[in-house]
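Below is one structure, written out as structure tokens, with a few remarks after it.
The values are calculated or read from the model by the stated rules, or taken from the named source; none is laboratory data. All values derive from a computational prediction rather than experimental measurement. Positions of Cβ are generated from backbone atoms using ideal geometry, with glycine treated the same way; all protein chains shown enter the neighbour counts. Side chains are part of the model used for accessible areas, which takes the heavy atoms of the whole protein and leaves out ligands, DNA and RNA. Shrake-Rupley method; radii C 1.70, N 1.55, O 1.52, S 1.80 Å.
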Amino acid sequence: MDWKLELVPIPVSDVERAKRFYSEQVGFAVDHDVCIGGAARIVQLTPPGSDCSIVIGAGAGVSEVPPGSVQGLQLVVSDVAAARAQLIERGVPAGPVQHVENGAMAEGPGGAWNSFVYFSDPDGNGWAIQERPGED
């Protein structure tokens with residue numbers, strides 16, 4: 001039996017601002033944007049090539065945690081420097097390419113699975129982009 005992670009809720013304070021950030025700046029596809037009985041709004045977005053989506057929204061039952069409290073979300077890409085360049089070009093304040101060295105973050109790319117870029121959404125939810133090794 002497969003157990004697939006399909007949806008991760010991201011708590012935000014302003015749904016429109018977050019929708020614009022994730023779709024226009026980060027490049028996620030808007031899967032749907034619906035209002036449920038006037039009591040809740042749900043926006044589902046998916047990163048390019050991902051089988052897992054995020055959901056942002058407002059209203060009853062959407063999120064019980066404060067905006068900005070989700071940290072450590074991770075996207076995996078084949079070229080972390082190119083991904084960072086896309087974010088910067090779209091106005092996302094992404095950090096430099098870094099790697100773990102002797103237990104601390106150091107500037108520049110590292111070895112296999114050891115190159116990262118960090119950014120946050122407008123509410124402070126924290127994301128990491130990690131470079132995967134090349135395909136053989």
Within the chain, percent of DSSP bridges classed antiparallel, to nearest 5: 75
Nearest 10 degrees, 0 to 90: helix 80-89 Cα axis against the chain principal axis: 50
Residues whose placed amide H lies under 5 Å from that of Gly68, excluding near-sequence neighbours: Asn125
The stretch 14-136 - percent relative contact order, Cα under 8 Å, separation 6 or more: 22
Heavy-atom accessible area per residue - the chain, 1.4 Å, Å²: 57
Share of Cα-Cα pairs in the chain lying beyond 21 Å, as whole percent: 45
Distance (nanometres) between label positions extended 7 Å along Cα→Cβ at His32 and Met1: 2.5
Which of Arg41, Arg17 is most accessible, then next, and so on - probe 1.4 Å: Arg17, Arg41
Size of electric dipole in the stretch 1-88: Cβ of Lys, Arg +1 and of Asp, Glu -1, about Cα centre, debye, nearest 20: 200
Relative contact order of the stretch 21-81, defined on C-alpha pairs under 8 angstrom at six or more residues apart (%): 22
The stretch 54-95 versus the stretch 1-29: alpha-carbon centroid distance in Å: 7
Amide H contacts of Ala29 (H built 1.01 Å from N, under 5 Å, at least 5 apart or other chain): Thr46
Per principal axis, descending, Cα span of the stretch 43-85 in whole Å: 39, 20, 15
Exposed-loop-free span, longest in the chain, where GluC sites (Glu not before Pro) count as exposed if DSSP calls them loop and at most 13 other C-beta atoms lie within 10 Å: 65-134
